[in-house]
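> What follows is a single structure, and I will ask about it in a moment.
The values are calculated or read from the model by the stated rules, or taken from the named source; none is laboratory data. Given the structure is predicted, the values throughout are model-derived calculations rather than measurements. Here Cβ is always computed from backbone atoms with ideal geometry, including for glycine, and neighbour counts include all displayed protein chains.
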Amino acid sequence: MATFVLVPGFWLGAWAWREVTEGLRAAGHRAYPLTLTGVADRAHLAGPETCLETHTLDIVELIETEELHDVVLVGHSGGGMPVQQAADRIADRIARVVYVDSGPLPEGTAQMDTVEPDERESLLALVGDGHLLPPQAWQPADDPNLAGLDDELLGLLRSRATAQPLRAATDPVRLPHGGRVPAALIACTFPVEMVRQMIDEGHPFFAGLAGADLHGLPTGHWPMLSEPKRLTDLLDQIGRAVSK
């Protein structure tokens, strides 16, 4: 069976993967959910120096310390960037990178570069002179990112989310070894057909998925909360294919 390392997106910790972790282990896989430095139960470790490199090292150190090999390395949303860098650094230990509503960014690109200038200014205004990006308000008024979250799950997201170290979003991705690791995408808030079209058109934010296995899971941006069983089943499918 496969070995999974599960990296959450911005504002979340390992807690967000609880149901997926239980499902993967019940299916016979090994699963290691990870909280990145400065977030959730490690929020007390956040500082101005906490950056994308810090989060990359969190992943690398877990994999090396636990002596893991043939890892299916899963990155959700903003967790895709440290996952991308870690896979580049220890490619010999990684069987597959799985991006969950995320994707590999071109080298030299930061997460903040992927949002419109007005949105970027609004986000940075929330930070002010500090080093932490606070969680969003997450108002459900026709927000496709919140699809599948009932009041209880939305309340859980709001209550458990913590501020995100800003440099995780503003530091650019660096891939000194070329970033050539087999990848898969689980697309939730955008159709797989759209992804294929953007890959074919050479869009810079999708070009890194050329040759990747593409899977659709129509739901909101937090499928580990809104569709944990279906997400687990897709990861189980990917893990079984990798471990053959």
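> Name the residues in the stretch 210-244 that are outside any loop (DSSP other than H, G, I, E, B), surrounded by fewer than 19 Cβ atoms within 10 Å (Cβ to Cβ) and among the charged types (D, E, K, R), would you?
Residues satisfying the conditions are Asp213, Lys229, Arg230, Asp233, Arg240.
> OK, next. Go through (1) under 23 Å from Leu175 (Cα atoms); (2) assigned to a helix (DSSP H, G or I); (3) without any contact (Cβ under 8 Å) to a residue 40 or more places away in the chain; (4) among the polar types (S, T, N, Q) one by one and return the number of the condition Thr54 breaks.
Unmet for Thr54, out of (1) under 23 Å from Leu175 (Cα atoms); (2) assigned to a helix (DSSP H, G or I); (3) without any contact (Cβ under 8 Å) to a residue 40 or more places away in the chain; (4) among the polar types (S, T, N, Q): (3).
> Turning to a different aspect of this structure: Pull out all pairs, ordered by first then second residue, where Cβ-Cβ is under 8 Å, the residues are six or more apart or on different chains, the first lies in the stretch 17-45 and is touching a residue at least 60 places away in the same chain (Cβ under 8 Å) and part of a helix (DSSP H, G or I), and the second is hydroxyl-bearing (Ser, Thr, Tyr) and surrounded by fewer than 21 Cβ atoms within 10 Å (Cβ to Cβ).
Ala40/Thr162; Ala43/Thr162
> Could you look through the stretch 165-182, keep only residues that are touching a strand residue (DSSP E or B) at 6+ places or on another chain (Cβ under 7 Å) and surrounded by 19 or more Cβ atoms within 10 Å (Cβ to Cβ), and pick out the one that is nearest to Ala43 (Cα to Cα)? Spell out how you get there, then give the answer.
Pass one, the stretch 165-182, residues touching a strand residue (DSSP E or B) at 6+ places or on another chain (Cβ under 7 Å): 165-169, 171, 181-182.
From what's left, surrounded by 19 or more Cβ atoms within 10 Å (Cβ to Cβ): 165-169, 171, 181.
Details: Pro165: 9, Leu166: 13, Arg167: 14, Ala168: 14, Ala169: 16, Asp171: 19, Val181: 31 Å.
So, considering only residues that are touching a strand residue (DSSP E or B) at 6+ places or on another chain (Cβ under 7 Å) and surrounded by 19 or more Cβ atoms within 10 Å (Cβ to Cβ), the one nearest to Ala43 (Cα to Cα) is Pro165.
> Considering only the stretch 1-31, state which residues are surrounded by fewer than 20 Cβ atoms within 10 Å (Cβ to Cβ) and of a type outside the set (Gly, Ala, Ser).
Those that are surrounded by fewer than 20 Cβ atoms within 10 Å (Cβ to Cβ) and of a type outside the set (Gly, Ala, Ser): Met1, Trp15, Arg18, Glu19, Glu22, Arg25, Arg30.
> What are the residue pairs meeting all of these: first residue in the stretch 80-105, first residue under 21 Å from Leu234 (Cβ atoms), second residue at pLDDT 95 or above and among the acidic types (Asp, Glu), Cβ atoms under 6 Å, and 6 or more apart or on different chains?
Ala95/Asp70
> Restricting attention to the stretch 57-79, report how many residues are closer than 24 Å to Val115 by Cα and either part of a helix (DSSP H, G or I) or free of Cβ contacts under 8 Å to residues at least 40 places away in the same chain (or both).
Qualifying residue count, the stretch 57-79: 3.
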